[in-house]
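Asker: Input: one structure, supplied below.
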Amino acid sequence: MEQNVEEIQENLLKFGCCRVCAVRHLTKPSTINVKTLIAASEQDHDEPKRLKKNPCIACLGLFQNPQKDDIINKIISYLKTSKYDSDTFNLAFNLPMCTIIRGHSIALYVSKLRITFNPTFPTAFVCAKDAWKLMAEDAIVKATGKRFDVHSPLLVTVGFHYDDIKDECDCLNAIIKLSNKNLQSILSQMDNKDFVSQYGEMPSVPESTIEFKSVDARHESVFIAGRYNKWSRTLSQTPWIVDQERRLESSVEEIISNPIKKHALADEFRFSSSGREDIDVRMLGRGRPFAIELVNPKITKFSYEVLRQIENEINTDPQVTVTHLQNVVKDQLKELKSGEEFKIKVYKALCYVEGELPDLEKLNNCAPLEIAQYTPIRVLHRRANMVRPRTIHSMKAVATKVGKDNGCSFFNVILSTQAGTYVKEFVHGDFGRTNPCLRTILENDTVDILALDVLDIEIDWPTPVKY
């Protein structure tokens, strides 16, 4: 026969449950009412001479004062001082493993009293984490002005410590390997009679209280995109480090990302772009599209004015200019990398030959042109040796003069190519590893490249900003 709820609740109180835990163990998750939990907590507070003055056998003191209010105040203090600008927050609790085991034990006890004993299905109840969040939400919201939202990008994690966790878990470890991961699932698969024989009918009265250990928060990454020009021929795109030794003082990535990271108060950043240029290659024209992932940023709201301010700060460095800085979402980054090999890039190569200028019309009349490029010798140390088919879509060569000729003739080649084409190797052939190349087309083994510029990357991303 099913016992009435009030009598079961009194039994739980006698065993050593706090009133909140007695209520939540007799409440289905779908019918939970925060007012009922708060009323139970207040009743506990008003009855200091309850039958047992001990940490609750279910929550280990989590719902009991002064512990409960102390944890709430620590969360409030952290949110007020941590500088996160999110309007919302979510809570995560890292409770000791034994609180789940204790909850499972009490659920088995309740199931025997409320219905005919079912050895495979303990009564459903409101877990400690969910109950605590419901009870604490209002106080935290009022004190911080942030709304509680389970989908919030800001997750506040509260950690706890319990001295006797090892002793409590050892009795079960003898028959089943416990793990923090999916512990509830592990217990549900365990034979209930085996559980009771090892653990006992009810949890023991704890000798110590659960202790607050830490509060920390993490915000989902936010993304900033734009385009950059690189004016220097002595600047790498990313930090150049060889054998743990830095070769250059700075890089495009750092010049752009550090001011943004500083404004966002982020832990770190991750830089990505639509391709990359060599150290001695300039990026001209509209610039190269790039994106920066800001990891765990505290400041996530960038107004138009703030973004222009950051641009101006970056652009004080004469080596790099940034434009069209804007907020983007993660899904938009797919455009940055999608169809990478099929994008068209436009270059200007300053070339020379020894002696007389060859017939440049040979170049002007040969595109579109299919070429085969083996991995260049200069990058073989970091890339697989393989052949890459590439397309030269258009090519225009024009004679030019560069200071003293020194017995050489100079010409510029404007060419549009499939992304991923090694343009320097297309000029000189890389000892026959790129074929055809300008040397073979012009039938002159002295053709070489003096300077290279990227004029355009034909991708309309991100959306242009109106200045």
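Read-outs throughout are calculated quantities, based only on the coordinates presented, and are distinct from any laboratory measurement. In this text, all values refer to a predicted model and were calculated from it rather than measured experimentally. For neighbour counting, all protein chains shown are included, and Cβ atoms are generated from backbone atoms with ideal geometry for every residue, glycine included.
Asker: For ALA451, list long-range residues whose amide hydrogen, built 1.01 Å from N in the peptide plane, is under 5 Å from its own amide hydrogen.
Answerer: Residues meeting the criterion, in which the H sits 1.01 Å from N, are LEU350.
Asker: I'd like the GluC sites (Glu not before Pro) in segment 369-449 restricted to DSSP loop residues with at most 15 other Cβ atoms within 10 Å, sorted by number. Walk me through the intermediate numbers first.
Answerer: Details: sites: GLU370, GLU425, GLU443; in loops: GLU443.
Answer by residue number: GLU443.
Asker: Additional query: Explain nothing, just compute: Karplus ³J(HN,Hα) = 6.51 cos²θ - 1.76 cosθ + 1.60, θ = phi - 60°, for every residue of segment 23-30 in order, whole Hz, x for Gly and Pro.
Answerer: Going residue by residue, I get 5, 5, 6, 10, 10, 6, x, 6 Hz, with x marking Gly and Pro.
Asker: For the cross-link pairs LYS80/LYS146; LYS28/LYS112; LYS230/LYS345; LYS35/LYS129; LYS74/LYS261, which exceed 22 Å when the distance is taken from alpha carbon to alpha carbon? Don't skip to the answer; put the middle values down first.
Answerer: On the way: LYS80/LYS146 10 Å; LYS28/LYS112 16 Å; LYS230/LYS345 16 Å; LYS35/LYS129 16 Å; LYS74/LYS261 27 Å.
Exceeds cut-off: LYS74/LYS261.
Asker: Let me ask something else. Which residues in segment 408-447 place their backbone N less than 14 Å from a point set 7 Å from the Cα of PHE342 along the Cα-to-Cβ direction?
Answerer: 418-419
Asker: Check GLY285: other-chain or 5+ apart residues with amide H under 5 Å from its amide H, H built from backbone geometry?
Answerer: Residues meeting the amide H criterion: none.
Asker: Then there is this: Under 1.5 on a/c is rounded, so check that first for segment 1-102, then, if it is not, pick prolate when a/b is larger than b/c and oblate when it is not; a ≥ b ≥ c are the square roots of the alpha carbon gyration tensor eigenvalues. Mind showing how you got there, number by number?
Answerer: Values: a/c = 2.14, a/b = 1.78, b/c = 1.20.
The shape class here is prolate.
Asker: Report the gain in length on full extension from GLN319 to THR440: 0.36 nm times residue separation, minus Cα-Cα distance, nm rounded to one decimal. Please list the in-between numbers first.
Answerer: Details: separation 121, 0.36 × 121 = 43.56 nm, distance 3.58 nm.
Net length gain for the segment: 40.0 nm.
Asker: Regarding the chain, what is the average projected area of its C-alpha convex hull, in nm²? Write down the numbers at each step before the final one.
Answerer: Values: hull surface 124.3 nm².
Value for the chain: 31.1 nm².
Asker: When you count, for each residue, the other Cβ atoms within 10 Å and take the mean per peptide, how do 320-328, 204-212 rank with the highest first?
Answerer: Put in order of decreasing packing, that is 320-328, 204-212.
Asker: Can you bin segment 373-467 into rounded, prolate or oblate? Criterion: square roots of the alpha carbon gyration tensor eigenvalues sorted a ≥ b ≥ c, rounded for a/c under 1.5, prolate for a/b above b/c, oblate for the rest.
Answerer: Details: a/c = 2.04, a/b = 1.15, b/c = 1.77.
Note, shape of segment 373-467 comes out oblate.
Asker: Right, another one. Just how large is the dipole of the chain about the Cα centre, in debye to the nearest 20, putting +1 at every Lys and Arg Cβ and -1 at every Asp and Glu Cβ? Intermediate results must be reported in sequence, preceding the final value.
Answerer: On the way: 61 positive and 62 negative charges, 97 e Å.
For this selection, approximately 460 debye.
Asker: How far apart, in nm, are the 7 Å Cα→Cβ label points at GLU207 and ARG382?
Answerer: Output for this residue pair reads 5.9 nm.
Asker: Here is a further query. As an exercise, identify the trypsin sites (Lys or Arg not before Pro) in segment 395-467 lying in DSSP coil whose Cβ has no more than 13 other Cβ atoms within 10 Å. All intermediate terms of the calculation are to be shown ahead of the outcome.
Answerer: Details: sites: LYS396, LYS401, LYS404, LYS424, ARG433, ARG439, LYS466; in loops: LYS401, LYS404, ARG433, LYS466.
Qualifying residues, ordered by number: LYS401, LYS404, LYS466.
Asker: Please give the contour-minus-distance gain from ARG218 to SER303: 0.36 nm per residue of separation, less the Cα-Cα distance, rounded to one decimal in nm.
Answerer: Details: separation 85, 0.36 × 85 = 30.60 nm, distance 2.20 nm.
28.4 nm is the gain from fully extending ARG218 to SER303.
Asker: Please work out how much length the chain gains when fully extended from ASN33 to HIS393, using 0.36 nm per residue of separation minus the C-alpha to C-alpha distance, in nm with one decimal. Show your work: numbers first, answer last.
Answerer: Numbers: separation 360, 0.36 × 360 = 129.60 nm, distance 6.84 nm.
Computed gain between ASN33 and HIS393 is 122.8 nm.
Asker: For the residue pair GLU249 and CYS171, what label-to-label distance in nm results when each label sits 7 Å from Cα along the Cα-to-beta-carbon direction?
Answerer: 6.8
Asker: Starting with the highest mean, order 34-41, 215-222 by the number of other Cβ atoms within 10 Å, averaged over the residues of each peptide. Could you put the intermediate results ahead of the total?
Answerer: On the way: 34-41: 16.1, 215-222: 18.6.
The peptides rank, most packed first, as 215-222, 34-41.
Asker: If the cut-off is 14 Å between C-alpha atoms, which aspartates and glutamates fall inside it for LYS142, apart from same-chain ones fewer than 8 positions away?
Answerer: Correct list for LYS142: ASP87.
Asker: I would also like to ask the following. If each DSSP helix of 4+ residues adds -39,500 (n - 2.57) and the sum is divided by the residues in the chain, what number results at 222 nm, nearest 500 deg cm²/dmol? List each step's numbers first, then the result.
Answerer: Values: 15 runs with 146 residues, N = 467.
Roughly -9000 deg cm²/dmol at 222 nm, from the helical runs in the chain.
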